[in-house]
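The values are calculated or read from the model by the stated rules, or taken from the named source; none is laboratory data. None of the values given here were measured: they were computed from a predicted structure. Note that each Cβ is placed from the backbone with ideal geometry, even for glycine, and that neighbours are counted across all protein chains shown. Remember, those area values only see protein heavy atoms, side chains included, never the ligands or the DNA or RNA. Shrake-Rupley method; radii C 1.70, N 1.55, O 1.52, S 1.80 Å.
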Amino acid sequence: MNLLDIVLALPLIGFLIMLVLPKGSASTLKNFALGFSVIVFGVSLGLAGAALQRPAAMTWVTDVAWISTPAIRYHVGLDGVSLWLVLLSTFLTPISILLSFSYIKDRVKEFYAFLLLLEFGLIGVFISLDFFLFYVFWEVCLVPMYFLIGIWGHDRRIYAAVKFFIYTMVGSVLMLAAILYLYGKAGTFDYPALLTMMQSGKLTLTHVEETLLFLAFFLAFAIKVPLFPLHTWLPDAHVEAPTAGSVMLAAVMLKMGTYGILRFCLPMFPVAVKENAGWIITLALIGIVYGALVALVQPNMKKLVAYSSVSHLGFVVLGLFCGNQWGLDGAVYQMLNHGISTGALFMLVGFLYERQHSLEIKDYGGVATPAPWLSTVFLVTTLASIGMPALNNFVGEFLVLQGATQANVWWAVIAATGVILSACYMLWMYQRTFYGETPESVAHHVHDMTAREWLCITPLLALMLWMGIYTQTFLPSIGASNKVILDRTQTTSAPLRVAAPVVPAAEAANHGN
Amino acid sequence: MATNFFPSSADMLKFLPETVLTLAGTLLLLVEGFKKERDSRTGVAVFTLLAIVAAMGASVVAYQNPGLAFSKMVISDGFAAFFRVVAYVVGIFTVLCSMNYLEREKAHTGEFYILLLFSLAGQGIMASANELMMVFIGLEVSSIASYILAGYLRDDKRSNESSLKYFLLGSFATAFLLYGVAWIYGMTGSTNLGEIRTALSSGAPSSIMVPAAAALILVGFAFKISAAPFQAWAPDVYQGAPAPVAGFLSAGPKAAAFAIFLRVFLTAFDPLAAKFAPVLWMMALATMIVGNFAALWQNNIKRMLGYSSIAHAGYVLVAVTTHSTMGTAAAMFYLAAYALMNYGAFAIVTHVAGDGEKHVTVDDLKGLSQRQPAVAALLTIFMLSLIGVPLTAGFFGKFYIFKAAIEGKFVWLTALGLLNSAVAAYYYLRVLVVMYMHEPETTEHPEEIPGGVKLTMWVTAAATLVLGMFPGIVLDLANQFALLGK
């Protein structure tokens, strides 16, 4: 049992303790959840040392048998990419907990218990190296989020929660079918073992098999990302979820999809990836522009941020399918950035909601007068989100665009319009909310940041700057891990590479136009 | 033919569980004659429990004496023992949940337990039959007792309707079965499963009548397992039957019917496997679709669970379709898991329904999480397990079935079946929605949960979770016992 197992087990232990704690005292429950999740974060930081030293390989590996027939293993490990995603999860959980102190008044115990269970599932998804285990964690994440939306959400919460559950379920059952099919062929669920078998030629897939398996996996991931046109659950889920739920959903859960593509789809199905990259990138580009345009006309702040997520995640998918190091690095960086800046945006919108009890932009205006600090912080976050240099998103978007240019310059051109549009919708919202006349109700209700709110947002602001200025902390390890994935993609598909590169690129460009 | 008509004592051991149950039932029948209507039946219930536990022990004894008995009419093997134990466990839950229930519904008489014992004996015969006549006898013993159990609340219109429908349609189906048996006998000259197989595989009677006869028998089984298009009785019967009985019917007799279905089609009709694969394929798919889609519109929770049990029969049929040892093991695991989770759900329905089963709509569960958090939490476990969420028994059940299907190259059936389980999520989630996301409508103080129901729901929930984490406990047995006709 190593540190990674402990990091994984802790949230589950916390969840179980929460269940048996007495219901009565809300403050004990809150403080316990907060304290516990801070400890989890502290412990998880200990993972960084070893993982950063050898980011290209898996560190902190545990590989033991769980079930004998069929052979299911508890196989977990961490590389340079999953390290950051695990840290993102453990980092945002305490913040989400702290953030809910005043917002959640009913069924306090269950709320924090579900947040800890969610953390358990998320960490599990990012470290699983056995397909079966991965699937288990993938589904485990579903249940707490379903309850978080359904119990503590807004008016249409039930519709949103059920839609969220069913959408994800449809995708994941097909993934399960694909996992079972792979098991049928290879006799193992172990991911590294499968990869080795594929490389050594022990396991070969026919063209049709590879395409169908790729599509089954990809569909599950694409729903989660969400990729246009599978995104319709996202605005509903976000708008209806309580603030902490939105933060966790946007910041970490969406990354399950992109992580799945990066970790599993790209290395396992290189040929299918190459062949299908064209239409996938087309969809990603549509998502970038469409998400931005829809965000532009949203009267509801949360919905606006939700559609902006569709647009941002389009960048990530674009980067993933560019097929070069720039694109992959940018995609992963953008996954983290989106977690930080969109998480912060949802949090700030939540702060406004707690004051004014409305998410409609028209109910605000001139917030800067009664709450100057809140508007400053909001502005910094807005700028980060639209890709202002020296803040985090700039780096990721730049890398993705660089990668796209290398692959096909038109992709970059179209994607770049998304960056411009993001400035339009974010700044326009900012202007309507924070500047102008201050209505009576706003002046009356909206006060400036409280100490607790500062405590929530400051770490995120610090990270926006850090990730925008000193990328050296993050990029080398991400790059090293991505290189392994990229090499595999290219070596395994060597015979096809001679003919392949031009065709899909040209096709995609036509689609894109 | 056996030269000695009188069975040897070794034969008796192989038939011990049924003997125990029948004797216990008969004894109770005598005792019941001397009881007054107002007398307490607690003693009877406890005796019934002991008898079932003894029968479980007897199943182990029978398992340790493997082989054929009574002129090859009965077979004692691991497969039989497995299904006997599943049925008996369900029987124990039924007794535990019924004691208080019958008291509450003012129908607490000893016959209930006697019928239950006979029904279990019938299921034991089904699990261990090696002969088509024994199949018929087992089915009838089990079914006739079940018909009466379904209508046990004789002053209740719903219960009467349930019983009558079950009886009429059930008899009709058994007639099909019997007709099929007669044809098979006519063509192969035997009703013994092994001999039929030998006759069929030697290819002697090659006429179209053989598959036709097998199809008649299939119709009989399909009715008992509520497979489409013979599923129409299930929702009506489950809705009208007393809740503990509905749970019993959905788990015990169904498992036994699958047992005999598997045994007959994997041994006697093994040579016809290729002919039946497409039929079973269609039947599995249709059953899943009919069950799941009809369940979407149900408001009565018992009726919903009735449709859900059709859908689950469809999943098990996927395993049957594979016609493989692995599929058989998967079906065995699934039926055991299903018995646990579904009985757990019915135990909770028994409690929540209240006096006269007034509160049986989904809306009656509104705000249950606030009124009775533990009950709501347990029902959540059962619902998640029925959906097939990981870390519950239901997940591994589906997992093994679809794994077997994939390995048997039934890729499309797998994909469609799994999509079906996503559809099913919707109606199970509705239960969670009303329990957790609606405010309670009544301010009535919840009734005390009777001990038997409480025990049942905690035990089934714990078992559902344990099997969800360590499925090997049951699966290893299933794998070991699934070698039918090999």
Restricting to the stretch A:65-92, what's the tally of residues that are within 14 Å of another protein chain (Cβ to nearest Cβ) and either touching a Ser or Thr at 6+ places or on another chain (Cβ under 6 Å) or open to solvent by 30 Å² or more (accessible area, probe 1.4 Å) (or both)?
7
Residues A:Ala443, A:Ala416: which one is surrounded by fewer than 23 Cβ atoms within 10 Å (Cβ to Cβ), of a type in the set (A, V, I, L, M), at pLDDT below 85 and farther than 17 Å from A:Thr381 by Cβ?
A:Ala443
Does B:Val318 count as within 14 Å of chain A (Cβ to nearest Cβ) and touching a strand residue (DSSP E or B) at 6+ places or on another chain (Cβ under 9 Å)?
no
Of residues in the stretch B:9-27 being of a type in the set (Gly, Ala, Ser) and open to solvent by 40 Å² or more (accessible area, probe 1.4 Å), the one farthest from B:Val85 (Cα to Cα):
B:Ser9
Report yes if some residue within the stretch A:109-126 is of a type outside the set (D, E, K, R), under 30 Å from A:Thr188 (Cα atoms) and more than 15 Å from the chain's Cα centre (by Cα); otherwise report no.
yes
Only one of (1) within 19 Å of A:Leu293 (Cβ to Cβ); (2) surrounded by 24 or more Cβ atoms within 10 Å (Cβ to Cβ); (3) at pLDDT 85 or above does not apply to A:Leu427, and that is (2)
Tell me, please, whether a residue that is buried (at least 24 other Cβ atoms within 10 Å of the Cβ) and modelled with pLDDT under 90 can be found in the stretch B:328-337.
no
Filter the stretch B:308-327 down to residues that are surrounded by fewer than 24 Cβ atoms within 10 Å (Cβ to Cβ) and under 15 Å from the mean Cα position of the chain (by Cα), then give me how many there are.
0
Please count how many residues of the stretch B:35-72 are at pLDDT below 85, open to solvent by 40 Å² or more (accessible area, probe 1.4 Å) and among the hydrophobic types (A, V, I, L, M, F, W, C).
2
If you go through the stretch B:373-392, how many residues are among the hydroxyl-bearing types (Ser, Thr, Tyr) and under 21 Å from B:Glu439 (Cα atoms)?
1
Within the stretch A:177-186, identify whether any single residue is at negative phi, surrounded by fewer than 19 Cβ atoms within 10 Å (Cβ to Cβ) and more than 11 Å from chain B (Cβ to nearest Cβ), and answer yes or no.
yes
If you go through the stretch A:158-175 one residue at a time, how many are in contact with an Asp or Glu (Cβ under 9 Å, 6 or more places away or on another chain), open to solvent by 10 Å² or more (accessible area, probe 1.4 Å) and either at the interface with chain B (Cβ under 7 Å from one of its Cβ atoms) or hydroxyl-bearing (Ser, Thr, Tyr) (or both)?
2
Would you confirm whether any residue within the stretch A:125-136 is more than 26 Å from B:Ala404 (Cβ to Cβ) and within 10 Å of chain B (Cβ to nearest Cβ)?
no
Any chance you could count how many residues in the stretch B:385-409 are more than 7 Å from every other protein chain (Cβ to nearest Cβ) and buried (at least 22 other Cβ atoms within 10 Å of the Cβ)?
16
In the stretch A:14-51, how many residues are under 16 Å from A:Phe114 (Cα atoms), modelled with pLDDT under 80 and of a type in the set (A, V, I, L, M, F, W, C)?
1
Of (1) closer than 23 Å to B:Phe79 by Cβ; (2) open to solvent by 20 Å² or more (accessible area, probe 1.4 Å); (3) of a type in the set (A, V, I, L, M, F, W, C), B:Ala286 satisfies all except one. Which?
(1)
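Residues are listed down the side, and each one gets a yes or a no for (1) polar (S, T, N, Q); (2) open to solvent by 20 Å² or more (accessible area, probe 1.4 Å):
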| site | (1), (2) |
| --- | --- |
| B:Ser202 | yes, yes |
| B:Pro229 | no, yes |
| B:Ser250 | yes, no |
| B:Trp281 | no, yes |
Anything in the stretch B:338-356 that is open to solvent by 10 Å² or more (accessible area, probe 1.4 Å) and at pLDDT below 85? List them, or say none.
B:Asp355, B:Gly356
Could you list, in sequence order, all residues of the stretch A:4-37 that are open to solvent by 40 Å² or more (accessible area, probe 1.4 Å) and farther than 22 Å from A:Ile95 by Cβ?
A:Leu16, A:Leu19, A:Val20, A:Pro22, A:Lys23, A:Gly24, A:Ser25
Got at least one residue in the stretch A:38-61 being surrounded by fewer than 18 Cβ atoms within 10 Å (Cβ to Cβ) and within 14 Å of another protein chain (Cβ to nearest Cβ)?
no
Restricting the stretch B:434-449 to residues that are under 22 Å from B:Thr350 (Cβ atoms) and in contact with a helix residue (DSSP H, G or I) (Cβ under 6 Å, 6 or more places away or on another chain), the one nearest to the other protein chains (Cβ to nearest Cβ) turns out to be B:Tyr436
Yes or no: the stretch A:386-408 includes at least one residue that is assigned to a helix (DSSP H, G or I) and under 25 Å from A:Glu240 (Cβ atoms).
no
Just one of the numbered conditions (1) open to solvent by 20 Å² or more (accessible area, probe 1.4 Å); (2) in contact with a Phe, Trp or Tyr (Cβ under 7 Å, 6 or more places away or on another chain); (3) outside any loop (DSSP other than H, G, I, E, B) is not true of B:Leu305; which one?
(1)
Among the residues of the stretch A:258-269, is there at least one that is part of a loop (DSSP other than H, G, I, E, B), open to solvent by 10 Å² or more (accessible area, probe 1.4 Å) and on the phi < 0 side of the Ramachandran plot?
no
For a quick check of your reading of the model, give me the residue pairs whose first member lies in the stretch B:462-485 and is acidic (Asp, Glu), whose second is surrounded by fewer than 20 Cβ atoms within 10 Å (Cβ to Cβ), with beta-carbon atoms closer than 8 Å and at least 6 apart or on different chains.
B:Asp476/A:Ser68; B:Asp476/A:Thr69
Those residues of the stretch B:94-134 that are open to solvent by 10 Å² or more (accessible area, probe 1.4 Å), in a helix (DSSP H, G or I) and within 30 Å of B:Ser190 (Cβ to Cβ) come to a total of 4
Is there a residue being surrounded by fewer than 24 Cβ atoms within 10 Å (Cβ to Cβ), touching a strand residue (DSSP E or B) at 6+ places or on another chain (Cβ under 9 Å) and part of a helix (DSSP H, G or I) anywhere in the stretch A:112-129?
yes
With respect to the numbered conditions (1) aliphatic (A, V, I, L, M); (2) over 21 Å from the mean Cα position of the chain (by Cα); (3) surrounded by fewer than 22 Cβ atoms within 10 Å (Cβ to Cβ), which one is the sole condition not fulfilled by A:Ile286?
(2)
Would you pick out the residues in the stretch B:410-428 that are in contact (Cβ under 8 Å) with a residue 40 or more places away in the chain and either surrounded by fewer than 21 Cβ atoms within 10 Å (Cβ to Cβ) or facing chain A (nearest Cβ under 7 Å) (or both)?
B:Thr414, B:Leu416, B:Ser421, B:Val423, B:Tyr426
